[in-house]
Amino acid sequence: MSPTDHADWWLSPQVFLEPATHQGHAVIFIRFAFDAALAKAVRSLPGAKWSQSQKAWHVPDNAAYRQRFGLPPRRMGKDILLHLHEANHPALQRFIETLQLKAYSPSTIRTYRNEFAQLLALLKGVPVDTLNAERLRSYFLYCTNELKLAENTLHSRINAVKFYFEQVLGREKFFFDIPRPQKPSILPKAISPRDVKKLFEVTTNPKHNLMLKLCYGMGLRVSEIVNLKVTDIDSGSMQVLIARSKGKKDRYVNLPETILDQLRTYYKEYRPKIYLFEGQYGSQYSTRSAQAVFKNALKKAKVNKNVGIHSLRHSYATHLLEAGTDIRFIQELLGHHDLKTTMRYTHVGEKNIKNIKSPLDKL
């Protein structure tokens, strides 16, 4: 079977992915022995180019392609920061300190820092404070036309640079005339109840099985499942506190009745101290490990879908709607700030939120 007969052709042992710097740009080389079908698949990728000197195809090294290919995110470590000209070191420091003072989450600070540093690296010795709106507009055109950044990545970069000029330097409405790319309207990817049940059946490790069931049964984000603490679970009221989630909001979700015995058995066997799911040496379970648990279950259950663990949250919402649950209740359970986000799942019904049964209880 040709490696391009399935969507994840880059997982083929014939394909080697190599992040590198090429002609001054961060790229991902895609190397493979000649295969017409593979070459066609690679050539169709947005921003794909052929390097005559390297005799290989390459695409821009951005967050979208790293996620697509399963590569770890690019890290702005000390080695890369050393390449920034000293003229812009104070700007980067003020940028990070302002984010910290405004109590942004560590992941947001890391993302903003990385995106802002991309601009600083390109400027070299030109002080970032001297840029005007027109120069920034040209920079974002460069990000779009030359770097081929995906819409979401470009939004993150614009947000980071906007934060510096408006929040650090205090230049109000500095970005008023700079248009933003339209974000793609991507529908949530859900899994059928039958396939969700198959995932649980093939996951025999007690910890992994419980983790996947709670993700689906309570509609949790992967960050929420790994941050779940033993003290957050109240079996008396059958509710679970999801503390300081996205947007630093607390919310309560209903604990599925069918999970209670398994949860108690798990606790007696593993004896978690702080976090419900602990990694090695009692540390917090990582989001990457949780993703790997899901991907392994997906493979073992032979569910042919290119989705991540977040699809369990989508499936939770979709299956509740299909059961006639009022979308306003689902908004509250998911912790959505705007009903429009929840409306992607469509339909509205009428039921009391306390009487809602988790779809996990119906498998």
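Taken over the stretch 293-307, the criterion of being surrounded by fewer than 18 Cβ atoms within 10 Å (Cβ to Cβ) and either modelled with pLDDT under 90 or not in a helix (DSSP H, G or I) (or both) is satisfied by Lys302, Asn304, Lys305, Asn306, Val307. Is it fair to say Tyr267 is surrounded by fewer than 21 Cβ atoms within 10 Å (Cβ to Cβ) and either modelled with pLDDT under 90 or more than 16 Å from the chain's Cα centre (by Cα) (or both)? Considered against the rule, which asks whether it is surrounded by fewer than 21 Cβ atoms within 10 Å (Cβ to Cβ) and either modelled with pLDDT under 90 or more than 16 Å from the chain's Cα centre (by Cα) (or both), Tyr267 comes out as yes. The single condition from (1) at pLDDT 90 or above; (2) among the aliphatic types (A, V, I, L, M); (3) surrounded by fewer than 19 Cβ atoms within 10 Å (Cβ to Cβ) that Ala243 fails is (1).
For the stretch 39-62, a residue qualifies if it is out of contact with any helix residue (DSSP H, G or I) (no Cβ under 9 Å at 6 or more places or on another chain), surrounded by 17 or more Cβ atoms within 10 Å (Cβ to Cβ) and not in a strand (DSSP E or B), and exactly one does: Asp61.
Applying the condition of being in contact with a helix residue (DSSP H, G or I) (Cβ under 7 Å, 6 or more places away or on another chain) and more than 25 Å from Ala243 (Cα to Cα) to the stretch 97-117 and asking which residue is surrounded by the fewest Cβ atoms within 10 Å (Cβ to Cβ) yields Arg113. If we keep just the residues of the stretch 140-155 that are in a helix (DSSP H, G or I) and surrounded by fewer than 19 Cβ atoms within 10 Å (Cβ to Cβ), which is nearest to the chain's Cα centre (by Cα)? Within the stretch 140-155, the match that is nearest to the chain's Cα centre (by Cα) is Asn152. Within the stretch 222-273, being hydroxyl-bearing (Ser, Thr, Tyr), within 25 Å of Ala292 (Cα to Cα) and assigned to a loop (DSSP other than H, G, I, E, B) holds for one residue alone: Ser245. Of the residues Lys49, Lys55, the single one that is basic (Lys, Arg) and more than 19 Å from Thr144 (Cα to Cα) is Lys55. Applying the criterion of being modelled with pLDDT of 85 or more and crowded, with 16+ Cβ neighbours inside 10 Å to the residues of the stretch 18-31, the residue that is farthest from Lys305 (Cα to Cα) is Val27.
Selection of first residues in the stretch 74-101 that are closer than 14 Å to Lys124 by Cβ and of second residues that are among the β-branched types (Val, Ile, Thr) and modelled with pLDDT of 70 or more, restricted to Cβ pairs under 9 Å at least 6 apart or on distinct chains, gives the following pairs, ordered by first then second residue: His85/Val126; Ala87/Val126; Ala87/Val128; Asn88/Val126; Asn88/Val128; Ala91/Val128; Ala91/Val168; Leu92/Val128. Residue check: Ser237 meets all listed conditions (1) under 27 Å from Ile327 (Cα atoms); (2) surrounded by 14 or more Cβ atoms within 10 Å (Cβ to Cβ) but one, namely (2). Residues in the stretch 249-284 that are closer than 30 Å to Ile330 by Cβ and charged (D, E, K, R): Lys249, Asp250, Arg251, Glu257, Asp261, Arg264.
For the stretch 239-259, a residue qualifies if it is among the polar types (S, T, N, Q) and in contact with a strand residue (DSSP E or B) (Cβ under 9 Å, 6 or more places away or on another chain), and the qualifying residues are Gln239, Ser245, Asn254.
The values are calculated or read from the model by the stated rules, or taken from the named source; none is laboratory data. Source: prediction; values computed, not measured. Cβ: placed from backbone, ideal geometry, glycine included. Neighbour counts: every protein chain shown.
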